[in-house]
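The values are calculated or read from the model by the stated rules, or taken from the named source; none is laboratory data. Note that the structure is predicted; figures quoted are calculated from it, not measured. Here the Cβ is made from the backbone with ideal geometry for all residues, glycine too, and neighbour counts use every protein chain on show. When the accessible area is computed, the model is the full protein with side chains, heavy atoms only, and any ligands, DNA or RNA have been set aside. Shrake-Rupley method; radii C 1.70, N 1.55, O 1.52, S 1.80 Å.
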Amino acid sequence: MNRCLIFDFDGTLADTLGEGMKIYNDLARQHGYTLLDPEDVEELRHLDTKGLLRHLGIPRHKVPFHLATAMRRLRSRISNLPLNKGIREVLPTLRKHFDHMGILSSNVSENIESFLNAHDLRKEFTFISSIGKLSGKAKHLRAIARTFSLMPHEILYVGDEIRDLQAARKSRVDAVAVTWGLNSRESLARENPAYLIEHPRELLELI
């Protein structure tokens, strides 16, 4: 039986892709990286994090610095960004059926809190775990399990990226892959998630 439902934030709950592209392109112009064209996005959705960084020409060691800059720039804009369509309607029902419902994200806590408060959704989540970097989600999933005295099979992690599914597998947590975020349905399916869903209402079938 699943007792804890954990969501990724960017792309899964919040529709941050468009704003994220604007912020990235500003950084790319400053540092000479490949600009993102909206027409290229569909092709790039098939790439994992390593492949995307390679395509954009971003050195791996520069990622923490650029991510921190992007999170700071996002802070003033995030309250105005939308939820992904259909998310609001399912959260109250999901919350009633899980002992714990939280967020595990590479975004920073301040941004997540601001977004949830702007949409009057903070009350639906019992915890927020922010790692502030692209890697390390598996470690944090294990830490969440210890905090709430949970076995891995009692946790579901909902994410839109290949790295979310890989982190879930590494921590022996069942992954729920959602197709409305960053990575494509095909690329997510290759990771063999426990569930692969097309619309937020399908989350209710996990209860």
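Per-structure values
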| read-out | value |
| --- | --- |
| Among 153, 177, 138 the positive-end extreme of the charge dipole of region 135-179 (Cβ point charges) | 138 |
| Neighbourhood net charge (11 Å Cβ-Cβ; Lys/Arg +1, Asp/Glu -1) for residue 74 | +2 |
| Solvent exposure of region 36-104 as accessible area per residue, Å², 1.4 Å probe | 59 |
| Range of Cα positions in region 135-207 per principal axis (Å), largest first | 32, 28, 16 |
| Across 50/133; 22/123; 22/133; 123/170, pairs whose alpha-carbon gap is larger than 25 Å | 22/123; 123/170 |
| Accessible solvent surface per residue of region 137-185, calculated while the other protein chains remain in place, 1.4 angstrom probe, Å² | 42 |
| Protein accessible area in the chain, 1.4 Å probe - carbon and sulfur % | 51 |
| Relative contact order for the chain, counting Cα pairs under 8 Å that sit 6 or more residues apart, in percent | 28 |
| The chain - charge dipole about Cα centre, Lys and Arg +1 at Cβ, Asp and Glu -1, debye rounded to 20 | 900 |
| Distant alpha-carbon pairs in region 127-172 (separation over 13 angstrom), percent | 52 |
| Within the chain, percent of DSSP bridges classed antiparallel, to nearest 5 | 5 |
